[in-house]
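What follows is a single structure, written as structure tokens, with notes after it.
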Ligand SMILES: [Mg+2]
């Protein structure tokens, strides 16, 4: 039917149809003069803020799952032949196992950033959500016989609510070490405490086989100065250290 109509069309039919199409296209692209004579304001592109990539992208959830899937493979191989309860994985909490995107969006709407008071109020709400991929990893470590140590810089005074937030989300943990009120944010002493068996049922030294975090300070003896070092300094990433993306905040600021 269609091809027959086309076959019968004369060059004149064709030119008229083409002319009409061009005219319609031109009309749709040309802004019509407003009766008021006011040119409509251009529609602005959506603002890109520090939460945009986490909120809008498919890539964020893809990479967190990718990191945890890779960590699962590596830890499974590393744990082979180790006695149950003889090894552990250390994880950070915020933007590693749990997401505080809601808090970040609330602060953004107020045109404000982090404050200790607003953060404290947020932790009390216990409304952080799981980072995609985290729960499956925690469960897998448990199944393999590993211990889970959460080492976070949430304050000791915020720790009960933080543990409760994990528990609400069925996120497994064995030891949960917060930052002592007035104490150092440096996690290295707490990493050492975990290795010595602090807070674990056996209270015996334990082999830490992997660290997971979103901040360079979540990894033993590292800080931003690694940036100026060569490939060798980064070698543990992907084999013992597993990094989640956090474009919203961190020690890079
Ligand atoms: Mg963190």
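In table form, for the structure just shown:
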read-out	value
Cα-based helix-to-principal-axis angle, 159-168 vs the chain, degrees rounded to 10	60 degrees
Paramagnetic reach from residue 188 (point 7 Å along Cα→Cβ, amide N under 18 Å) across the range 141-176	151-153
Förster radius 30 Å - calculated FRET efficiency between residue 142 and residue 181, Cβ distance, rounded to 0.05	0.50
Cα-based shape type of the range 48-166, given that a ≥ b ≥ c are square roots of the gyration tensor eigenvalues and the cut on a/c is 1.5	oblate
Estimated inter-spin distance, residue 227 and residue 38, nm [label 7 Å along Cα→Cβ]	4.6 nm
Highest-fluctuation residue, 84, 228, 154 considered, GNM on the chain with Cα pairs under 10 Å	228
DSSP bridge orientation in the chain - percent antiparallel, rounded to nearest 5	10 percent
Helix 134-144 vs. the chain, principal-axis angle (Cα, 0 to 90°, nearest 10)	40 degrees
On Cα atoms only, tilt of 58-79 relative to the major axis of the chain in degrees	30 degrees
Net length gained if the chain between residue 237 and residue 249 were fully extended (0.36 nm per residue, minus Cα distance)	2.3 nm
Cβ-derived FRET efficiency at R0 22 Å, residue 47 paired with residue 121, nearest 0.05	0.25
For the chain: relative contact order, % (alpha-carbon pairs under 8 angstrom, 6 or more apart)	22 percent
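Readers should treat all values here as calculations from the given coordinates under stated rules, not as data from a laboratory. Since we're looking at a predicted model, the values are computed, not measured. Methodologically, a virtual Cβ is constructed for each residue, glycine included, from the backbone with ideal geometry; neighbour enumeration extends over all protein chains shown.
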